[in-house]
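Scroll down for the structure; my scribbles are underneath it.
The values are calculated or read from the model by the stated rules, or taken from the named source; none is laboratory data. Keep in mind that what you see is a predicted model, and the values were worked out from it rather than measured. Glycine also receives a Cβ, built like all others from the backbone with ideal geometry; neighbour counts cover every protein chain displayed.
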Amino acid sequence: MSEREPKPSDHGHHHRRAAPTRVPTLVITVSDTRTLETDTGGALVVEHLEAAGHEVVSRHIVKDEPEQITAAVAEALGRDAVRAVILTGGTGVAPRDITPDSVEPLLERSVPGFGELFRALSYQEIGSAALLSRALAGLAGGRVVFVIPGSRGAVRLAMEKLILPELGHLAGEAVKTR
């Protein structure tokens with residue numbers, strides 16, 4: 001009896017092969033102007049998650065206010081049914097772009113490669129403006145947390161190239177940090 005040959009995407013990591021295939025995820029859009037009806041970035045996150053077989057536990061919008069962002073993430077991290085949190089919006093350098101600043105203190109471990117790779121891939125699409133993104137990821141409370149820009153192009157890039165390929169792997173590893 002032979003062991004399954006690893007797929008190229010496995011890169012020999014036994015952790016990835018043991019990762020959950022369904023990750024219950026909560027989606028938060030940070031915006032002063034969007035509603036659920038006009039939030040096309042958040043809707044695209046949900047579309048990608050569901051197409052990949054992941055459950056969307058909840059989706060909501062909070063204002064660009066540190067207290068609201070922190071409270072929403074803390075509430076998500078406290079829900080037993082949630083294994084991942086994806087926030088969209090507020091990742092630039094404008095004065096109201098405070099999502100990374102509000103989320104980062106809640107993270108127990110950062111995953112710097114996420115932001116680095118996001119900006120590198122984004123550079124291929126939009127050029128030097130990619131350096132304005134403060135996308136980040138990390139682990140908190142046994143869950144994985146992603147902070148991505150809210151534009152549909154950025155959401156598509158983050159979901160297709162980074163989040164969906166590693167969501168199960170990161171969620172599986174995050175549980176071990178509890």
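List of remarks:
- Against the conditions (1) of a type in the set (S, T, N, Q); (2) modelled with pLDDT under 95; (3) within 14 Å of the chain's Cα centre (by Cα), THR177 satisfies every one except (3).
- Subset tally (residues that are among the β-branched types (Val, Ile, Thr), under 13 Å from the mean Cα position of the chain (by Cα) and closer than 23 Å to GLY153 by Cβ) for segment 62-112: 7
- Residue check, GLU173 in contact (Cβ under 8 Å) with a residue 40 or more places away in the chain, in contact with a His (Cβ under 9 Å, 6 or more places away or on another chain) and of a type in the set (Asp, Glu): yes
- Residues of segment 144-178 that turn out to be touching a helix residue (DSSP H, G or I) at 6+ places or on another chain (Cβ under 7 Å), under 11 Å from VAL85 (Cβ atoms) and in a helix (DSSP H, G or I), as a count: 0
- Hits in segment 57-86 (condition: under 16 Å from GLY141 (Cα atoms) and buried (at least 20 other Cβ atoms within 10 Å of the Cβ)): ALA72, VAL73, ALA76, VAL82, ARG83, ALA84, VAL85, ILE86
- Test: residue in segment 112-132 that is under 17 Å from SER102 (Cβ atoms), without any contact (Cβ under 8 Å) to a residue 40 or more places away in the chain and either among the aliphatic types (A, V, I, L, M) or crowded, with 16+ Cβ neighbours inside 10 Å (or both): yes
- Helices (runs of 4 or more DSSP H) contained in segment 1-90 and holding at least 1 residues at pLDDT 95 or above: 40-51, 66-77
- Restricting segment 96-131 to residues that are at pLDDT 95 or above and part of a loop (DSSP other than H, G, I, E, B) leaves a set whose member that is nearest to VAL145 (Cα to Cα) is LEU107.
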